[in-house]
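The values are calculated or read from the model by the stated rules, or taken from the named source; none is laboratory data. Note that the structure is a prediction, hence the values are computed from the model and not measured. In this analysis, Cβ positions are derived from the backbone assuming ideal geometry, glycine residues included, and neighbour counts consider all displayed protein chains. With ligands, DNA and RNA removed, areas are computed over all heavy atoms of the protein, side chains included. Shrake-Rupley method; radii C 1.70, N 1.55, O 1.52, S 1.80 Å.
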Amino acid sequence: MTLGELERWQLERRWGPARKADLAQHLTKCDVLPASRELCTKWAEVSWKVRRKGRPIQTADAWIAASALYYQVPLITNNASDYEMVAGLQLLTAADYSL
């Protein structure tokens, strides 16, 4: 989901070849985690649980949260408020690091 969002972002912002190449190079350092039936089930659980709390979540954000939970990794975001209603999710932001 995140990779798809990054790909769309560069199209929407009409990046030139050099900037696209920079992103492609940066992304070689990242793993793309596979989807599975179990991950789809985790997405359904995340979506349903937050909706039941009266805090619906965007489909894309639910995929990102479900992936972090399923793979047991922290979710790094600059939009923590999009995810704070998801139980059990470890959120990290740029403020958590001295960059």
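Table for the structure above
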item: Test: residue in the range 35-58 that is touching a strand residue (DSSP E or B) at 6+ places or on another chain (Cβ under 6 Å), touching a residue at least 12 places away in the same chain (Cβ under 8 Å) and on the phi < 0 side of the Ramachandran plot; result: no
item: In the range 81-99, the residues that are of a type outside the set (A, V, I, L, M, F, W, C) and in a loop (DSSP other than H, G, I, E, B); result: Tyr83, Glu84, Gly88, Gln90, Thr93, Tyr97, Ser98
item: Flag for Thr28 being modelled with pLDDT under 95, touching a strand residue (DSSP E or B) at 6+ places or on another chain (Cβ under 9 Å) and hydroxyl-bearing (Ser, Thr, Tyr); result: no
item: Unique match (being at pLDDT below 95 and farther than 16 Å from Glu5 by Cα) among Asp96, Asp82; result: Asp96
item: Of residues in the range 49-91 being of a type in the set (A, V, I, L, M), more than 10 Å from the chain's Cα centre (by Cα) and within 17 Å of Leu33 (Cβ to Cβ), the one surrounded by the fewest Cβ atoms within 10 Å (Cβ to Cβ); result: Val73
item: Residue count, the range 11-34 (criterion: open to solvent by 100 Å² or more (accessible area, probe 1.4 Å) and either touching a residue at least 12 places away in the same chain (Cβ under 8 Å) or in contact with a Phe, Trp or Tyr (Cβ under 8 Å, 6 or more places away or on another chain) (or both)); result: 1
